[in-house]
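Asker: Take this structure, written in C-alpha cells, and hold onto it; I'll ask about it next.
The values are calculated or read from the model by the stated rules, or taken from the named source; none is laboratory data. Being a predicted model, the structure only gives us computed values, none of them experimental. FYI the Cβ positions are ideal-geometry reconstructions off the backbone, even for glycines, and counts take in every protein chain you see.
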Amino acid sequence: MVVAADVGENPMTEQTLAAGQTSADGDRNIQLTQELRLTPEKPGEFNTKHTYQLPDGVAKLSLTPPREATVISRNGFIARDGSYVWDGSTSTPTLTYRMPANRTTDRNDPIAAPGDYVYVDTGEWAIVSRPRTAHNWGWRTGTVGFEQTATVRGDGQASDAIAFLGPHKTYTHTANGQTFELLVPDAATLQEDRSAIFDSLSTASDRLRVGDRDEDVFMIVAPTTQVKWGARGLQTGQADLWVRDNERLATPGNTWIHEYVHTRQGYQTAENTRWFTEGSAVYYAALMTLEQERISYDAFRNRLALGTSRLFNGVRLTDRSTMKNNADYYVGALVAAELDRQSRLATNQESSLQTTFSLLNAHGSAVDATQFEAFLRQSTTDDVAGFANRFTRTTERPTMWSETDHDTAFGPTPARFGYVLAPADTYRVSGPYRNRTLGKSESITLVPGETLIFNATVSNAGGKAGNYDAVFRLNSDVEDRQQGQLGPGEQATVSFEQQFDEPGEYTIAVGDETVPVTVREPATASVTAFSVNRTTIETGQSIALMVSISNDQSVPATLSVPITRDGNAVISNVVRLDTGERQSVTAVQRLDRPGKYVFGLGESSTSTVVVTVEQSPSLTTPTIAVGLIALLAFVGGVLYRRYRP
C-alpha cells in the first residue's frame with residue numbers, strides 16, 4: 001500500500017509490505033539481506049539477521065518481526081510498540097532475532113505421516129520456514145522500492161519460503177523451462193535414485209499443461225532417521241517443497257508429483273471450490289504415475305475408488321460444513337478424475353480437465369462453484385458441467401470405470417513393466433569354491449572371488465507394446481542392464497551376474513525388487529585324518545600321503561595343506577571346500593635313500609606318520625619306472641591328487 005502525506009513542499013510517500021510480501025518496484029530500492037544461521041548450542045531455534053542497505057532519499061523505515069521472534073541485538077533501530085524504527089542516521093542498520101524452528105501438525109489426511117513435525121531443528125541440521133516480517137518505509141523524491149534476498153551463514157541454502165541449514169549436497173535438472181533443484185542433506189538416505197525423481201517430475205512438468213511454469217522448483221529431502229514428520233511432504237510459497245527421504249515413486253500416492261502439482265495451482269478458490277486443490281493433486285499424482293508406467297491400472301483404480309466409501313456419506317464438496325474424513329483427498333480426487341474422463345469423451349480427447357485447470361489459473365480472482373462449472377462448460381460441454389453440478393453439489397458419486405473404459409477415454413494404458421527376481425534357490429554361484437545352484441534353505445552368503453548368477457522376470461502389464469529397461473543395481477549403483485521389447489501380457493527372462501571381491505553387506509536390485517547378499521571371509525577347513533598307504537618301502541619306491549579335510553561351516557572354507565618331511569616343507573597346496581564338503585587329498589612322493597622319514601602337516605603339526613625306507617636289493621629300474629621318475633621330477637618330486645567323495 002502506497003500513501004502520500006502532504007508535508008511541506010516535498011510530501012513523504014509511504015509504502016507497506018505485509019508479512020510474506022518480499023518486494024516492491026522503485027527507481028531505487030532498499031536492499032534487505034536476511035541471513036539465517038543454525039545454532040547447534042540451542043536445538044529447536046535458529047538466528048536471523050536483517051541487514052539493510054538504504055539508498056539516498058529514504059525518510060523512514062520500520063519493521064515488525066514475527067510475533068514469536070526474540071530480538072537479541074540491533075544497530076540503528078529503536079524499539080517501539082512491537083516494531084523497530086530506523087534511527088534516521090545509521091547507513092546500514094541491522095536487527096538480529098532468535099526464532100523457534102519447530103512446528104507441528106495433527107493432520108490425518110493421506111499426506112499425513114506418523115509423527116508431528118512439519119519444520120524442525122535438530123541442532124545438527126534444520127528445515128525451517130523463512131521468517132516473515134512486515135515493513136513500512138517512506139521517501140520524498142522519486143520512488144523507493146524494496147528487495148530482499150536470503151542467505152545462510154555456514155552450510156545451508158534458502159529459497160523463497162523455506163531453508164535448509166546444515167551440511168548437504170545440491171543437484172539440479174532442467175526440463176520444460178524449469179530448473180528442479182534437489183537439496184539432499186548429509187543426514188538423509190534417499191530411497192529413490194535422483195535421476196528417477198528428476199525423470200518423474202520432468203515428465204509431470206511436460207504433461208501438466210495448465211499455464212506458466214515456475215522457472216525454479218526448490219526441493220528439500222527431509223531426513224527421517226532422527227525426525228518423525230507429520231506429513232509425507234509439504235509445498236509452500238510459489239514453488240518450494242520438501243518430501244521425506246523414504247517416499248517412493250511407484251505408488252498412486254506419489255508424493256513427489258502430488259507436491260509438484262501444488263506448485264502449478266496458481267488460482268484462488270472460494271470455499272465451495274476448495275476441494276479441487278487437494279482433489280486434483282491426488283488425482284494427477286495417481287494418473288501421471290500410471291502414465292509413467294510405475295503402477296498398474298488396478299492400483300490407480302483402487303486409489304480413486306476410495307472416494308465411494310460410506311465414510312463420506314453426506315459429503316457435498318461445495319458445502320464445507322458437510323466435509324469429513326478428509327473428503328477432499330478422496331471424493332475430490334474421484335470427482336476430478338471423472339470430470340477429466342467425461343471432458344475427454346465429450347470432446348474426442350481435444351479437451352481435458354487441464355483445459356479447465358488452465359482457465360482457473362488465468363482467472364484474476366477467487367473461483368467459486370458457479371464459475372468452475374462455467375469454465376467446464378467453456379472448455380467442454382453443458383453435459384460435463386452438469387456432471388460437475390451433480391457430483392459436487394449433491395451426495396451422488398461417480399462409479400469407478402474399467403480399464404477398457406479408461407482406454408476409450410485416455411487411450412490404451414502405456415506399457416507397464418514389472419520386474420520380479422527369481423527365487424533365491426535358483427541363484428547360481430561360481431568360483432574357486434563351488435559351481436552350483438543354491439539350496440532352498442541357504443541364505444545368499446558368498447566369499448570374496450565368487451560370482452552370483454541370477455535371473456529376473458520382466459512382464460508387461462500395460463495395454464501397449466513397449467521397450468523395457470531392466471536395470472541391475474548393486475547398493476544403488478547401476479552395474480548392468482538388459483533391454484528388449486514386450487507386447488501386452490508378455491514376459492521375458494533376463495540374467496545378470498556379479499563377482500564380489502570384498503566382504504560386506506550388499507543389496508542387489510532389479511526394479512523395485514531387492515535381495516540382500518552377504519560376503520564373508522572364507523572359514524577355515526578342518527583336517528580330520530592324515531595317513532600313509534604303507535610305512536615300509538624300498539629305495540626308489542613311492543608312498544601316498546592322504547589328508548582328509550572337511551568344512552562344517554555355513555560358508556565356503558579354505559585351508560593351506562603344507563606337508564613336511566623331517567620338518568622341511570615338501571609340498572604346500574591351498575584347498576577350497578564348499579559348505580558341508582569333505583575332500584580326500586593324496587600326495588605321492590618317491591623316496592630314493594634308505595632311512596626313517598617323518599611326514600607331518602605343517603611345522604607345529606602333531607599329526608605325523610613315519611616311513612622306513614630300506615635299501616633295494618636291485619638297482620635296476622624298469623623302463624616304465626624311468627618314465628615315472630621323469631614325470632615326478634617334472635612336478636618337483638610330488639604327485640598330488642584330490643578326491644571328492
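Asker: Among the residues of the stretch 455-469, which ones are in contact with a Gly (Cβ under 7 Å, 6 or more places away or on another chain) and of a type in the set (A, V, I, L, M)?
Answerer: Ala461, Ala465
Asker: Go through (1) out of contact with any Gly (no Cβ under 9 Å at 6 or more places or on another chain); (2) among the hydrophobic types (A, V, I, L, M, F, W, C); (3) modelled with pLDDT under 95 one by one and return the number of the condition Val144 breaks.
Answerer: (1)
Asker: Now a separate question. Being within 17 Å of Ala337 (Cβ to Cβ) and β-branched (Val, Ile, Thr) is the filter; apply it to the stretch 234-280 and report the residue that is surrounded by the most Cβ atoms within 10 Å (Cβ to Cβ).
Answerer: Among those residues, the one meeting the criterion is Ile257.
Asker: Could you please give the count of residues in the stretch 430-467 that are within 27 Å of the chain's Cα centre (by Cα), at pLDDT below 85 and aliphatic (A, V, I, L, M)?
Answerer: Of the residues in that region, 1 qualify.
Asker: Does at least one position in the stretch 374-383 carry a residue that is crowded, with 19+ Cβ neighbours inside 10 Å, over 33 Å from the mean Cα position of the chain (by Cα), assigned to a loop (DSSP other than H, G, I, E, B) and touching a residue at least 24 places away in the same chain (Cβ under 8 Å)? Spell out the reasoning first.
Answerer: Residues of the stretch 374-383 that are crowded, with 19+ Cβ neighbours inside 10 Å, as a first pass: 375-376, 379-380.
Filter once more, so that each one left must be over 33 Å from the mean Cα position of the chain (by Cα): 375-376, 379-380.
The next check asks that each one be assigned to a loop (DSSP other than H, G, I, E, B); those that pass are 380.
Next, only the ones that are touching a residue at least 24 places away in the same chain (Cβ under 8 Å) stay: 380.
Within the stretch 374-383, one or more residues are crowded, with 19+ Cβ neighbours inside 10 Å, over 33 Å from the mean Cα position of the chain (by Cα), assigned to a loop (DSSP other than H, G, I, E, B) and touching a residue at least 24 places away in the same chain (Cβ under 8 Å).
Asker: Can you name the residue in the stretch 537-589 that is surrounded by fewer than 19 Cβ atoms within 10 Å (Cβ to Cβ) and among the basic types (Lys, Arg) and, of all such residues, is modelled with the highest pLDDT?
Answerer: This residue is Arg582.
Asker: Among what's in the stretch 167-186 and is at pLDDT 95 or above and not in a strand (DSSP E or B), pick the residue that is farthest from the chain's Cα centre (by Cα).
Answerer: Pro167
Asker: A follow-up question, please. Using the structure shown, decide if Glu14 is of a type in the set (D, E, K, R), part of a strand (DSSP E or B) and modelled with pLDDT under 95.
Answerer: On the way: of a type in the set (D, E, K, R): yes; part of a strand (DSSP E or B): yes; modelled with pLDDT under 95: yes.
Yes.
Asker: Looking only at the stretch 399-445, count every residue that is part of a strand (DSSP E or B) and surrounded by 17 or more Cβ atoms within 10 Å (Cβ to Cβ) and tell me the total. So that I can check it myself, show each step before the final result.
Answerer: Within the stretch 399-445, the first condition is being part of a strand (DSSP E or B), and the residues that meet it are 417-421, 428-430, 436-437, 445.
Next, from what is left, pick out any that are surrounded by 17 or more Cβ atoms within 10 Å (Cβ to Cβ): 417-419, 421, 429, 445.
Total meeting the criteria: 6.
Asker: Can you tell which of Thr277, Thr318 is modelled with pLDDT of 95 or more and either part of a helix (DSSP H, G or I) or among the aromatic types (Phe, Trp, Tyr) (or both)?
Answerer: On the way: Thr318 fails: either part of a helix (DSSP H, G or I) or among the aromatic types (Phe, Trp, Tyr) (or both).
Answer to the selection: Thr277.
For (1) touching a strand residue (DSSP E or B) at 6+ places or on another chain (Cβ under 6 Å); (2) of a type outside the set (Lys, Arg); (3) under 30 Å from Asp193 (Cβ atoms), each residue gets a yes or a no:
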position: Lys464; (1), (2), (3): no, no, yes
position: Gln482; (1), (2), (3): yes, yes, yes
position: Val494; (1), (2), (3): yes, yes, yes
position: Gly504; (1), (2), (3): yes, yes, yes
position: Thr518; (1), (2), (3): yes, yes, yes
position: Leu545; (1), (2), (3): yes, yes, no
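Asker: When the residues of the stretch 482-508 are narrowed to those that are within 20 Å of Ser296 (Cα to Cα) and hydrophobic (A, V, I, L, M, F, W, C), which ends up surrounded by the most Cβ atoms within 10 Å (Cβ to Cβ)?
Answerer: Going through the qualifying residues, I end up with Leu486.
Asker: Right, here's the next one. Among (1) touching a Leu at 6+ places or on another chain (Cβ under 9 Å); (2) farther than 30 Å from Tyr283 by Cα, which single condition is Ser379 missing?
Answerer: Tallying (1) touching a Leu at 6+ places or on another chain (Cβ under 9 Å); (2) farther than 30 Å from Tyr283 by Cα, Ser379 fails exactly one: (2).
Asker: Before we move on, is Val609 over 30 Å from Arg436 (Cβ atoms) and at pLDDT 90 or above? Break it down into steps so the answer makes sense when it comes.
Answerer: Working: over 30 Å from Arg436 (Cβ atoms): yes; at pLDDT 90 or above: yes.
Taking the combined requirement at face value, the residue satisfies it.
Asker: So which residues in the stretch 341-352 are over 14 Å from Asp382 (Cα atoms) and at pLDDT 95 or above, if there are any at all?
Answerer: Arg341
Asker: Further question: Any idea which of (1) in contact (Cβ under 8 Å) with a residue 40 or more places away in the chain; (2) surrounded by 18 or more Cβ atoms within 10 Å (Cβ to Cβ) is the one Glu521 doesn't satisfy?
Answerer: Only one criterion is unmet by Glu521, namely (2).
Asker: Inspect the stretch 493-501 for any residue being in a strand (DSSP E or B), β-branched (Val, Ile, Thr) and in the same structural domain as Pro448 (by TED's automatic domain parsing) and give the result as yes or no.
Answerer: Looking only at the stretch 493-501, we keep the residues that are in a strand (DSSP E or B), and these are 493-500.
If we keep only those that are β-branched (Val, Ile, Thr) too, we end up with 493-494.
Pick out the ones that are also in the same structural domain as Pro448 (by TED's automatic domain parsing) and you get 493-494.
Looking for residues that are in a strand (DSSP E or B), β-branched (Val, Ile, Thr) and in the same structural domain as Pro448 (by TED's automatic domain parsing), one finds at least one in the stretch 493-501, hence yes.
Asker: Here is a further query. Looking at the structure I just gave you, is Thr48 surrounded by fewer than 16 Cβ atoms within 10 Å (Cβ to Cβ) and closer than 30 Å to Met219 by Cβ? Walk me through it before giving the result.
Answerer: On the way: surrounded by fewer than 16 Cβ atoms within 10 Å (Cβ to Cβ): no; closer than 30 Å to Met219 by Cβ: yes.
No.
Asker: Determine the pairs where a residue that is at positive phi, located within the stretch 79-106, has a partner that is surrounded by 13 or more Cβ atoms within 10 Å (Cβ to Cβ) with Cβ atoms under 8 Å apart, the partner being 6 or more residues away or on another chain.
Answerer: What qualifies is Gly82/Thr64; Gly88/Lys60.
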